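Encoded as structure tokens, here's the structure I'll be asking about.
The values are calculated or read from the model by the stated rules, or taken from the named source; none is laboratory data. What you see is a predicted model; the values in this text were computed from it and never measured. Note that each Cβ is placed from the backbone with ideal geometry, even for glycine, and that neighbours are counted across all protein chains shown.
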């Protein structure tokens, strides 16, 4: 099930299913709002988005109320999450999925939102989106690629051919907007060559793994996994999280893997990642590419969880096509 494409003039609701909007400075909230309005959207905020507690979040009840209200409001066409965190999976048992199924809308966020996005797809069949948070639109520099790919998936009906960004940054941009460090982007690389087509599943790996063994885990049948993790995921951690996914009974149905760019603090290198992948016999049969523009660095693409993806990786290069 796919929600209608957004149109210029549509209202996007900002919700905080993980950490609170109160963590974002007033100045950056206004900058994000201006950026989205400059594209052509109208922005509204959920009633409880600024609530906060000792976990920098809010009660399950208030977050569920805001989620339900966003899907029920006929004026709202898209939903953006504030930012990530650690507790989005608290909500999954309390969501009325019939509300979402009867009022399909485009929900977008990443990191901890992976739990919510994949659960909604698993329970309703509604395509959701891994991409920028509302707070991401407060970024003043180096955000053009992110905005471009957000608009492509949300506004256009065409297939998306991914092209690598020119540069990327791993800097805490919200701390100092004017003194960020950018690196040249060498583009993605092939670990296992091959061709595959399938249903796109994934997002943040350690968050996706929270869904294992529950009713909220999407099927891996004919899937292509998009996986990333942040600075807390050292190579040994990524290795065991990936191994946990491989142990799932359905993993034999996975057709390919696309890995997002790691943050420098993760200490992951190309050689280490290749060693991790090559150590797992289950992965030798499928195409795998890495260092694609998504994850906890910027800029980032927006991709549809439940959408269609095609990988073609060979000696001529890498081609990635995404469609809903």
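For segment 253-276, enumerate the residues that are outside any helix (DSSP H, G or I) and in contact with a strand residue (DSSP E or B) (Cβ under 8 Å, 6 or more places away or on another chain).
254, 255, 256, 257, 258, 259, 260, 261, 262, 263
Now for a separate question. Could you please let me know if residue 250 is surrounded by fewer than 17 Cβ atoms within 10 Å (Cβ to Cβ) and either modelled with pLDDT under 95 or in contact with a strand residue (DSSP E or B) (Cβ under 7 Å, 6 or more places away or on another chain) (or both)?
no
For residues that are in a loop (DSSP other than H, G, I, E, B) and modelled with pLDDT of 95 or more, scanning just segment 219-237, find the one that is farthest from residue 118 (Cα to Cα).
Filtering first and then ranking leaves 234.
Just to confirm my filter: which strands (runs of 3 or more DSSP E) fall fully inside segment 101-204 and include at least 3 residues that are buried (at least 17 other Cβ atoms within 10 Å of the Cβ) and outside the structural domain of residue 217 (by TED's automatic domain parsing)?
Result: 106-109, 128-130.
Which of the residues spanning segment 18-46 are touching a helix residue (DSSP H, G or I) at 6+ places or on another chain (Cβ under 6 Å), within 21 Å of residue 74 (Cα to Cα) and in a loop (DSSP other than H, G, I, E, B)?
Scanning segment 18-46 gives a single hit, 46.
Taking residue 280 as the residue in question, decide whether it is surrounded by fewer than 23 Cβ atoms within 10 Å (Cβ to Cβ) and over 21 Å from the mean Cα position of the chain (by Cα).
Answer is yes for this residue.
If I filter segment 55-66 for residues that are touching a strand residue (DSSP E or B) at 6+ places or on another chain (Cβ under 6 Å) and not assigned by TED's automatic domain parsing to the domain that holds residue 208, do I get at least one hit?
Yes, because at least one residue in segment 55-66 is touching a strand residue (DSSP E or B) at 6+ places or on another chain (Cβ under 6 Å) and not assigned by TED's automatic domain parsing to the domain that holds residue 208.
Listed here are the residues, each with its yes/no results for (1) over 22 Å from residue 289 (Cα atoms); (2) in contact with a helix residue (DSSP H, G or I) (Cβ under 8 Å, 6 or more places away or on another chain).
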{"residue": "122", "(1), (2)": "yes, yes"}
{"residue": "138", "(1), (2)": "yes, yes"}
{"residue": "155", "(1), (2)": "yes, no"}
{"residue": "161", "(1), (2)": "no, no"}
{"residue": "205", "(1), (2)": "no, yes"}
{"residue": "224", "(1), (2)": "no, no"}
